[in-house]
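Since every read-out is calculated from the coordinates, none of them should be taken as a lab result. These numbers come from a predicted model, not from an experiment. Using ideal geometry, Cβ is built from the backbone for each residue, glycine included, and neighbour counts are taken over all protein chains shown.
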Amino acid sequence: MRKTKLKKFTAKELRWDFYPMFIKLKNKGFEIESLLLILSTWNFAAFRYAVRGLNLDKFRRIIKKVKSILKPLKKEILEK
C-alpha cells in the first residue's frame with residue numbers, strides 16, 4: 001500500500017526527482033546548499049522573491065536554532 005501511494009505521488013509530482021539530490025548534498029555536508037535547493041524547487045514562486053534579500057548568515061543561524069528546537073524529535077518516527 002505504501003509503495004503504491006509513493007509511486008502515485010512521484011508520477012504526479014515531477015519535482016520529486018530533486019529530492020535525492022537534496023539528500024545527497026545534505027549527506028556530503030552541504031546542508032545549507034541542500035536546503036536552498038529544496039526551497040527553490042518546492043516553493044519557487046515565493047523563493048524567487050525571498051532570495052533577493054536573503055542573508056545567508058542569518059539563514060544559517062535560523063537553521064541552527066530550528067535544528068536545536070527539533071532535536072528531541074530526531075528519534076521519533078513520523079509515519080501515519
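May I ask you to sort D17, D57 by Cβ crowding, counting other Cβ atoms within 10 Å and putting the fewest first? Don't skip to the end; give the middle numbers.
Working: D17 10, D57 7.
With the sparsest Cβ surroundings first, the list reads D57, D17.
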Computed over the chain: relative contact order in percent, which uses C-alpha pairs under 8 Å that are six or more apart:
17 percent
In vacuum, with every alpha carbon of the stretch 2-73 counted as one equal point scatterer, what does the Debye formula give for log10 I(q)/I(0) at q = 0.22, 0.25 Å⁻¹? Two decimals, please.
-1.10, -1.17
Would you mind ranking I63, I77, I69 by Cβ crowding within 10 Å, fewest neighbours first?
I77, I69, I63
May I ask for the angle, rounded to the nearest 10°, between helix 18-27 and the longest principal axis of the chain, with both axes built from Cα atoms and the value confined to 0 to 90°?
60 degrees
Nearest 10 degrees is fine. How inclined is helix 2-12 to the longest principal axis of the chain, computing both from alpha carbons?
60 degrees
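Calculate, for I32 and S68, the FRET efficiency according to 1/(1 + (r/R0)^6) with r their C-beta to C-beta distance and R0 25 Å; round to the nearest 0.05. Please report the intermediate quantities before stating the final value.
Details: r = 16 Å, r/R0 = 0.64.
Plugging the Cβ-Cβ distance into 1/(1 + (r/R0)^6) gives 0.95.
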The helix 31-42 Cα axis meets the longest alpha-carbon principal axis of the chain at an angle in degrees, between 0 and 90 and rounded to 10, of 60 degrees
